[in-house]
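Written out below as structure tokens is the structure these notes cover.
The values are calculated or read from the model by the stated rules, or taken from the named source; none is laboratory data. All values derive from a computational prediction rather than experimental measurement. FYI the Cβ positions are ideal-geometry reconstructions off the backbone, even for glycines, and counts take in every protein chain you see.
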Amino acid sequence: MKKQIAVLRGDGIGKEVTDAAIAVLETIGRRFDHEFEWKHGLIGGGAIDETGQPLPDETIQLCEQSDAILLGAVGGPKWDQNPSHLRPEKGLLQIRKHFELSVNLRPVKAYQSLLAVSPLKEDVAKDVDMVIVRELTGGLYFGEPSHHDDKNAVDTLLYSREEIERVVVHAFELAKQRRGKLNSVDKANVLESSKLWRKVVEDVAKRYPEVEYEHTIVDAAAMKLITYPSTFDVIVTENMFGDILSDEASVITGSLGMLPSASLRVDGFGLYEPVHGSAPDIAGQNIANPVGAILSAAMMLRSSFGLFEEADAIEAAVQKILEAGYCTSEFKNIGREVLSTTDMTEKIVNELEG
Ligand code: ATP
Ligand code: MG
């Protein structure tokens, strides 16, 4: 199989961890006989410096000609004082919008060997393995009218049945492939948009009798994520609730550096990036954890290219290396062997080469 991949390394450690993901995909290409062609483009702070825009037109074109997008991270102190249209994060918002990436997947999985860094008790965190499915292009963050003056402010929470249905269907499909459990999170006791959300979930559920689903009110979901996190398999929710709950869930593993994400269009095209930011405090030191970026590459193989065996191989290699006692610098206090970004990547690559 031959695929063209747009590579937007971005800023700070985004560059370092993206190189790690490319090295792993190259290895998969050799082992399973696939050809990946890399097309590098600018986004974020680096793009602002070179072109005056956080998402230059050439980058959009390059992504349009590709089969998927691999992204690092954007931002950094250099651009913090820029006016809002010249902020690195603007590039990310624009790319999500341009490509209609309406379904955001955030898996959270605890690794046995790293449980000591979880803020939760080890026996609470130990079996955590969930995916949060967040609606990404609708709801409160995009609704009009939206404005404020000194006395009043308004935001609009608007959802159409179609917007809800596409993300809910995706979540049911995912639950079917996993452990067959779905939690739909809403605030249907208060919000009108949540009442429609619930209706759509009920309608879609009829097509998935094999999936056991329940509705959970968002405040209760926030509590359960901390008290019984391992009871969740797939969670589906609207944009703002998903933003908050996915950050809450992400701390369970103890490091942002471990976590991948995917943002998908309905046809399967997608953008894959680690959950973490550009981490200016550790950039350029070859100490960033590349695992989140590497697992994002695995998600790309599975979700955009249907390469399940290849994706499983990457996840198994990561698991094996972590269980063998290796880690990166953010885990330095738990008595395991600390590797640099490139050494950790090499371990995973060697494991994949067998
Ligand atoms: P952004 O605004 O871009 O999301 P942020 O400040 O919210 O940035 P990060 O840039 O991800 O978040 O950094 C938060 C903290 O986590 C920093 O101390 C950073 O060093 C650490 N961190 C983030 N990613 C990694 C990683 N891959 N490996 C090790 N540490 C990381
Ligand atoms: Mg952040």
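Observations
- Identity of the residue in segment 83-103, surrounded by 17 or more Cβ atoms within 10 Å (Cβ to Cβ) and not in a helix (DSSP H, G or I), that ends up farthest from the chain's Cα centre (by Cα): R87
- Members of segment 265-289 that are on the phi < 0 side of the Ramachandran plot and within 16 Å of ligand 2 (Cβ to nearest atom): E273, P274, V275, H276, G277, S278, P280, D281, I282, A283, A288, N289
- Looking across segment 104-116 at every residue that is touching a strand residue (DSSP E or B) at 6+ places or on another chain (Cβ under 9 Å) and buried (at least 19 other Cβ atoms within 10 Å of the Cβ), the one that is nearest to V266 (Cα to Cα) is identified as N104.
- Residues within segment 268-289 that are under 23 Å from R96 (Cα atoms) and touching a residue at least 40 places away in the same chain (Cβ under 8 Å), tallied: 11
- In segment 232-255, the residues that are touching a strand residue (DSSP E or B) at 6+ places or on another chain (Cβ under 8 Å), under 21 Å from F331 (Cβ atoms) and of a type in the set (A, V, I, L, M, F, W, C): A249, I252
- Taking segment 59-82 as the range and being free of Cβ contacts under 8 Å to residues at least 24 places away in the same chain and not in a helix (DSSP H, G or I) as the test, the residues that pass are D80, Q81.
- Considering segment 130-159, and only residues there that are assigned to a loop (DSSP other than H, G, I, E, B) and among the aromatic types (F, W, Y), the residue that is surrounded by the most Cβ atoms within 10 Å (Cβ to Cβ) turns out to be Y159.
- Residue count for segment 15-48 under the criterion of being within 24 Å of E351 (Cβ to Cβ) and not in a loop (DSSP other than H, G, I, E, B): the result is 21.
- Strands (runs of 3 or more DSSP E) within segment 223-308 that include 3 or more residues out of contact with any Ser or Thr (no Cβ under 9 Å at 6 or more places or on another chain): none
- Test result for E162, of a type outside the set (A, V, I, L, M), more than 20 Å from L140 (Cα to Cα), modelled with pLDDT of 95 or more and part of a helix (DSSP H, G or I): no
- Taken over segment 311-354, the criterion of being more than 16 Å from ligand 1 (Cβ to nearest atom), under 19 Å from K109 (Cα atoms) and either touching a His at 6+ places or on another chain (Cβ under 8 Å) or not in a loop (DSSP other than H, G, I, E, B) (or both) is satisfied by A311, D312, A313, I314, E315, A316, A317, Q319, K320, E323.
- Scan segment 110-129 for residues that are at pLDDT below 95 and either within 30 Å of T59 (Cα to Cα) or part of a strand (DSSP E or B) (or both) and the total you get is 0.
- Taking segment 185-215 as the range and being among the β-branched types (V, I, T) and crowded, with 20+ Cβ neighbours inside 10 Å as the test, the residues that pass are V185, V200, V201, V204, V211.
- Taken over segment 240-264, the criterion of being under 14 Å from the mean Cα position of the chain (by Cα) and away from ligand 2 (no atom under 16 Å from the Cβ) is satisfied by A262, L264.
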